[in-house]
Each structure stands twice: as structure tokens, then as C-alpha cells.
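The values are calculated or read from the model by the stated rules, or taken from the named source; none is laboratory data. The structure displayed is predicted, hence computed values, not measured ones. Heads up, the Cβs are rebuilt from the backbone with ideal geometry, glycines too, and the neighbour counts pull from every protein chain shown.
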């Protein structure tokens with residue numbers, strides 16, 4: 001069985017994954033005391049690789065979790081054209097992204113989490129590499145920001161296979177049509 005590339009992400013009701021400046025302080029439900037996404041731990045156990053772009057990586061290490069790498073124990077790959085040095089938690093890759101995904105999918109292991117950002121999502125979608133889309137819709141309208149899907153130039157037919165509501169948010173899991 002081959003591994004799947006899974007986009008697991010949240011967006012505003014109007015389709016943005018971040019504010020124009022990259023801010024994500026709006027990523028929350030209605031209740032301050034919510035336990036969050038009830039599916040997350042099951043999903044997290046189903047993956048062994050996290051894949052993200054440089055901007056997402058920078059946001060994690062500088063803003064969201066500056067004191068602790070949150071994906072400890074996972075194979076963390078950051079796609080960047082910059083000159084970064086690997087460390088014990090992260091490997092920086094600048095290779096041909098679609099080729100790298102195809103190679104990862106052929107390796108033994110669990111699924112691969114495509115965390116973000118929008119440029120990687122666009123590249124993966126253009127190459128038809130995303131197998132499953134798990135999208136949580138946050139009850140916020142941002143008006144402007146970084147869109148989840150930037151000008152995709154071809155249609156992809158999806159079918160919803162699961163939907164849950166929690167804390168005022170709706171999470172929908174989609175698979176490509178024709179997939180069993």
C-alpha cells in the first residue's frame with residue numbers, strides 16, 4: 001500500500017489560511033475552553049512525515065512554538081530554496097517538489113502531512129499529488145489574506161467522505177473522485 005499525501009488545514013469561511021501579513025491568531029472556534037479538533041490525535045498518529053514550506057516553518061519556530069519543536073518524532077521536511085542547515089528535527093529540501101513527493105509516496109511508512117503553505121499546496125495540487133483534503137472551516141471572514149487555493153488551472157473532482165462539527169467549526173474530509 002502506498003502512502004498518501006494529506007492536506008490537513010484550516011481556513012476561514014471565505015477561503016483564507018492566514019491574514020495578509022501571515023497572521024493566524026483568528027484560528028479558533030467559539031469557545032475559549034475548547035479541546036480543539038477531536039480528530040487531530042488520530043490523524044497525527046496516522047502520519048510519520050510532515051512537509052511544509054519555509055514561511056510555515058519560520059512561523060512555527062518564531063511565533064507559534066519558539067521554545068519547542070512541535071513535530072518531534074516525525075520526519076520533518078521543509079521545502080526551501082534558501083541556505084538552511086539541517087538539524088536533529090528538520091531536514092531542508094530544495095529539490096524538485098513534485099518529484100520528491102512521488103518518491104516519498106513510494107517509500108514504506110505512514111501518510112505524509114502537507115501542512116502548508118499556499119505555494120506548496122498549489123504545486124502539489126497542480127501535479128495532482130494530494131490524495132485527501134481535510135479542511136476545517138473556521139467561523140471567521142477575513143476579507144483579504146493568503147488563499148488556501150491560488151488560481152488552480154485545472155478542475156479536480158472531489159467527494160466528501162466525512163464531516164464533523166465542533167466548537168462552531170466544520171471539518172470536511174474529501175477524497176478525489178474515483179478513489180476507493
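Select from the stretch 39-59 the residues that are over 14 Å from residue 9 (Cα atoms) and assigned to a loop (DSSP other than H, G, I, E, B) and list them in ascending order.
46
Quick check on residue 158: is it touching a strand residue (DSSP E or B) at 6+ places or on another chain (Cβ under 8 Å) and closer than 19 Å to residue 24 by Cα? Walk me through how you get there before you give the answer.
Working: touching a strand residue (DSSP E or B) at 6+ places or on another chain (Cβ under 8 Å): yes; closer than 19 Å to residue 24 by Cα: no.
Criteria not met by residue 158.
With a cut-off of at least 3 residues that are closer than 26 Å to residue 77 by Cα, name the strands (runs of 3 or more DSSP E) lying wholly within the stretch 108-180.
Working: elements: 111-116, 132-138, 158-166, 169-176.
The qualifying strands (runs of 3 or more DSSP E) are 111-116, 132-138, 169-176.
Are any residues in the stretch 27-54 within 23 Å of residue 122 (Cβ to Cβ) and at pLDDT 90 or above, and if so, which ones? Outline the logic, then answer.
First, pick out the residues of the stretch 27-54 that are within 23 Å of residue 122 (Cβ to Cβ): 27, 43, 47, 49-54.
Answer for the stretch 27-54, where residues must be within 23 Å of residue 122 (Cβ to Cβ) and at pLDDT 90 or above: 43, 47, 49, 50, 51, 52, 53, 54.
What's the total number of residues in the stretch 94-107 that are in contact (Cβ under 8 Å) with a residue 40 or more places away in the chain, assigned to a loop (DSSP other than H, G, I, E, B) and surrounded by 14 or more Cβ atoms within 10 Å (Cβ to Cβ)? Lay out the reasoning, then the answer.
Filtering the stretch 94-107 for residues in contact (Cβ under 8 Å) with a residue 40 or more places away in the chain gives 101, 104-107.
Within this subset, residues satisfying the condition of being assigned to a loop (DSSP other than H, G, I, E, B) are 107.
Now narrow it down to the ones that are surrounded by 14 or more Cβ atoms within 10 Å (Cβ to Cβ): none.
Of the residues in the stretch 94-107, 0 are in contact (Cβ under 8 Å) with a residue 40 or more places away in the chain, assigned to a loop (DSSP other than H, G, I, E, B) and surrounded by 14 or more Cβ atoms within 10 Å (Cβ to Cβ).
Confirm whether residue 53 is under 24 Å from residue 101 (Cα atoms), surrounded by fewer than 12 Cβ atoms within 10 Å (Cβ to Cβ) and touching a residue at least 24 places away in the same chain (Cβ under 8 Å).
Details: under 24 Å from residue 101 (Cα atoms): yes; surrounded by fewer than 12 Cβ atoms within 10 Å (Cβ to Cβ): no; touching a residue at least 24 places away in the same chain (Cβ under 8 Å): yes.
So residue 53 does not fit the description; no.
Going by the conditions given, is residue 117 in contact with a helix residue (DSSP H, G or I) (Cβ under 6 Å, 6 or more places away or on another chain), at pLDDT below 90 and surrounded by 14 or more Cβ atoms within 10 Å (Cβ to Cβ)? Walk me through it before giving the result.
Numbers: in contact with a helix residue (DSSP H, G or I) (Cβ under 6 Å, 6 or more places away or on another chain): yes; at pLDDT below 90: yes; surrounded by 14 or more Cβ atoms within 10 Å (Cβ to Cβ): yes.
Yes, satisfied.
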